[in-house]
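Enquirer: Below is one structure. I have some questions about it.
Readers should treat all values here as calculations from the given coordinates under stated rules, not as data from a laboratory. Worth saying up front: this structure is predicted, and the values here are computed from it rather than measured. Methodologically, a virtual Cβ is constructed for each residue, glycine included, from the backbone with ideal geometry; neighbour enumeration extends over all protein chains shown.
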Amino acid sequence: MFEGFWSGVKNFFIGTDQQYIDERIPQLISGKSFNLTQAEKMATVYNCIDIRSKTLAKLPLEKYIETANGKEKDKKSPLYDLLHFNPNAYTTSFNFIKALETNLLFTGNSFALIKRNGNGQPISLNIILPSQVYGYQVVNEQLYYYVQLDRSKDKITIIPSDDLLHFTMITKDGIWGLKPLEALRLNLSTSHKGLTTMDSYYDQNASSSKAIKSTVSGANQKTMKEAVDLFNKEYAGAQNAGKMLPLPPNTEIQELKTSMTDAQILEILKLNGNIICGLYGVPPHMCGFTEASKFNNVEQMSIGMKADTISPQARMYRQQFESKLLTTKQRSNCESIEFNLAAMIETDHKTRIEGYKILNSFGAMSANDVCRIENLPTDPDGDIRNVPMNMMALSKLGFDSAQPPKGKGKAAPVDTVDPNEKNNPDNTDNNGD
């Protein structure tokens with residue numbers, strides 16, 4: 001009985017027994033009182049998670065199928081509507097992905113329950129909070145989760161992994177993700193203390209620290225403390241800034257030579273802010289740290305975020321979706337579930353139009369293709385694809401474009417000798433002249 005109670009207490013704080021050992025015990029030993037729930041109220045953490053979750057959620061989530069014309073959207077599949085529009089009756093696709101990513105970045109894990117019809121086809125996806133998942137167990141090569149489906153009841157349900165989408169951050173065992181905020185505990189604690197110090201600094205009229213000094217020798221310390229406490233209670237605070245304040249009798253103000261600049265609080269906050277951005281893979285300029293940002297490298301930072309942060313994340317989501325929402329036969333038929341990463345990078349209007357122009361000039365896009373992307377009206381004759389007049393097939397130059405080239409960088413010439421020349425190699429006429 002007591003073992004079950006203790007396990008419940010540990011799960012209430014952490015989620016699994018191993019996490020309690022890895023994370024909570026060191027906190028108790030070190031005596032650090034910083035609560036990670038306070039991190040959720042820190043602006044840099046909130047900004048990073050908001051940026052990451054919105055960036056992924058804004059990317060269209062599509063189901064694709066291979067056809068004779070290449071990969072196309074499979075809009076006839078029930079999964080397309082489920083993923084692209086509404087995973088369930090009350091959530092849009094944007095909010096669904098945003099919630100998954102938010103839970104993931106705060107706790108290291110996020111979950112969604114898969115509900116299926118009688119044929120085993122997914123019909124809805126519902127968010128499960130990480131606090132509702134009490135742990136997991138592997139039995140005979142099958143992974144199971146212990147989940148409290150109804151938070152108003154104590155009943156724990158065992159769910160096979162095939163019916164639970166599980167997304168993770170950094171993981172040691174390939175199953176359970178580590179909490180990213182735990183890795184930032186020291187930095188977050190320092191930032192929290194710095195912000196608290198600044199808040200107290202402005203509560204004290206945003207002035208440097210001062211002391212009240214008695215002008216009478218042998219003053220009673222207890223009386224002095226009572227006078228100082230009464231003075232702080234009555235006259236300290238931003239609401240008294242600029243006022244002429246009376247001092248206790250027989251006292252004077254003594255300046256203490258300590259300032260915000262001396263404490264380097266702002267520099268520490270900037271340093272920790274950049275570290276937080278680095279852990280979440282967010283360019284610092286997106287969170288207001290613009291010291292290292294220049295006009296010509298901001299776009300490169302965004303491209304770097306796509307390549308190094310969002311692309312791996314999208315790959316992780318794709319593998320979970322495909323392994324648990326598609327059948328083996330569907331995967332064998334090259335059906336896939338992917339985020340459209342091309343929608344992430346927004347270029348300026350001139351660059352975008354120049355790109356369309358190049359693709360259109362080589363016949364890769366028609367005028368109507370461009371109009372559809374830019375939400376412009378199409379033309380009845382706009383689906384015609386054009387190529388430059390000076391471009392022609394290799395076969396018209398006497399080369400066989402269907403055969404691989406022979407030699408170093410040279411195409412194989414086609415035998416263009418006239419049949420008459422084969423029979424008459426000396427190039428003489430029929431009269432023997």
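Enquirer: Counting only residues 5 or more places away or on other chains, whose amide H sits under 5 Å from the amide H of Leu143 once H atoms are built in the peptide plane?
Expert: Residues meeting the amide H criterion: Ser161.
Enquirer: What ranking of Val133, Val138 emerges when the number of other C-beta atoms within 10 Å of each C-beta is taken as an exposure proxy, fewest first?
Expert: On the way: Val133 24, Val138 11.
Lowest count first: Val138, Val133.
Enquirer: Right, another one. In this model, which of Lys41/Lys193; Lys98/Lys306; Lys73/Lys329; Lys58/Lys115; Lys172/Lys193; Lys75/Lys329 are farther than 20 Å apart at the alpha-carbon?
Expert: Numbers: Lys41/Lys193 13 Å; Lys98/Lys306 17 Å; Lys73/Lys329 18 Å; Lys58/Lys115 25 Å; Lys172/Lys193 31 Å; Lys75/Lys329 18 Å.
Over 20 Å Cα-Cα: Lys58/Lys115; Lys172/Lys193.
Enquirer: Give me the net charge for the shell around Gln142: Cβ to Cβ below 13 angstrom, other residues only, Lys and Arg +1, Asp and Glu -1. Intermediate values should be presented prior to the final figure.
Expert: Values: positive: none; negative: Glu141, Asp162, Asp163.
Value of the local net charge: -3.
Enquirer: Suppose each label sits 7 Å from its Cα in the direction of the beta carbon; what would the Asp381-Gln121 distance come out to in nanometres?
Expert: Calculated label separation equals 4.5 nm.
Enquirer: By count of other Cβ within 10 Å, fewest leading, how are Asp308, Asp50 ordered? Write down the numbers at each step before the final one.
Expert: On the way: Asp308 10, Asp50 17.
The order, fewest Cβ neighbours first, is Asp308, Asp50.
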